[in-house]
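The values are calculated or read from the model by the stated rules, or taken from the named source; none is laboratory data. These numbers come from a predicted model, not from an experiment. So basically every Cβ, Gly included, is an ideal-geometry build from the backbone, and we count neighbours across all protein chains shown.
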Amino acid sequence: MRILITNDDGIDAPGLRWLTRATVRAGYDVVVAAPLTEASGSSAAITAVEQDGRIVVQHREITGVKKVPTYAVAASPAFIVLLALRGAFGEVPTLVLSGINRGANAGAAVVHSGTVGATLTASHAGLHGLAVSLDVLSAVMASTASGGAAIAELDKTDDEKRHWEAAAALAVKLLPVATHTPPGTVLNLNVPDLHLDGIRGLVRARLAHFGQAQMSIAEAGDGYVHTVVQASDEELEDGTDLAALAAGYAVVTPIRAPAEATDVRLNLEGIQFQSPSF
């Protein structure tokens, strides 16, 4: 099994480094291809930077890992997955491992996540995927800190002190589980920022109806809009991923790429169709 490791925090992110180390040490065949710069919030966008009609790709190395092909790509995570599926980085992967994201990707907000978007792109192609995120601010903290302080403003200088190793260890343990799910299944894993011994367990939960953060309009004027990102003020729902995180559990949710809603009935009778005239 060949694993493509990517992320949306960029090639130099500590979460990518920890995830790569753990996966390689577990004996898996790995190739790393991650965005040249941060691509958070890119969902499954297909974007890239070109020079002379060519997508920019740089050879890199992951500290502490030897003989693993590593590429910094001037493209979104989902685009990187598409490139990998077409052999851009050698042998085509059979599983996409994305993360470790700095911040939870939970609830309905997964639709905006570049970390999850990469795995959903793989899912659409019939591959397995595992998206991994570290909850650097728990839902409980988010609801009380500074009246809902902007999550985006957390100090990144402490990143090297976070418990990336716990998320990486759980991700590796979940890889055999991921490969024994139906083709196209993605496991979305969120892990509290705690030592492995401090995590209460690993549970399955459904996606919450809201995300951990929400955008609001701070100011709108002539020719501009100023937005802020704040902690969600929604009440936690039992049985959801956000509630499990707040209680100190690591949580996994199986998801799949968007598909036709076969249970929806449409009444199209009486709708007249006329070709436009130019």
> For the subset of the stretch 237-264 comprising residues that are within 17 Å of Arg200 (Cβ to Cβ) and among the acidic types (Asp, Glu), which member is surrounded by the most Cβ atoms within 10 Å (Cβ to Cβ)?
Replying inline: Asp241
>> Just the residues that are charged (D, E, K, R), at pLDDT 95 or above and in contact with a Leu (Cβ under 8 Å, 6 or more places away or on another chain), please, taken from the stretch 1-24.
In response: Arg2
> Do any strands (runs of 3 or more DSSP E) entirely within the stretch 25-100 hold 2 or more residues that are in contact with a Pro (Cβ under 7 Å, 6 or more places away or on another chain) and modelled with pLDDT of 95 or more, and if so, which?
Replying inline: 29-35
> All but one of (1) surrounded by 16 or more Cβ atoms within 10 Å (Cβ to Cβ); (2) modelled with pLDDT of 95 or more hold for Pro182; which doesn't?
Replying inline: (1)
>> If I go through the stretch 249-278 residue by residue, how many of them are part of a loop (DSSP other than H, G, I, E, B) and at pLDDT 95 or above?
In response: 1
> Between a first residue in the stretch 12-26 that is under 17 Å from Pro192 (Cβ atoms) and aromatic (Phe, Trp, Tyr) and a second residue that is surrounded by fewer than 22 Cβ atoms within 10 Å (Cβ to Cβ) and at pLDDT 95 or above, which pairs have beta carbons less than 7 Å apart while being 6 or more apart in sequence or on different chains?
Replying inline: Trp18/Glu165
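I'm trying to understand the selection: among the residues of the stretch 193-231, which are among the small types (Gly, Ala, Ser), modelled with pLDDT under 80 and more than 24 Å from Val132 (Cα to Cα)?
The initial filter retains those residues of the stretch 193-231 that are among the small types (Gly, Ala, Ser), namely 198, 201, 205, 208, 211, 213, 216, 218, 220-221, 223, 231.
Add one more test, that the residue is modelled with pLDDT under 80, and what stays is 211, 213, 216, 218, 221, 231.
Passing the criteria: Ser216, Ala218, Gly221.
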> Since Glu234 meets every condition but one in (1) part of a loop (DSSP other than H, G, I, E, B); (2) out of contact with any helix residue (DSSP H, G or I) (no Cβ under 7 Å at 6 or more places or on another chain); (3) more than 21 Å from Val116 (Cβ to Cβ); (4) at pLDDT below 85, which condition does it not meet?
Replying inline: (3)
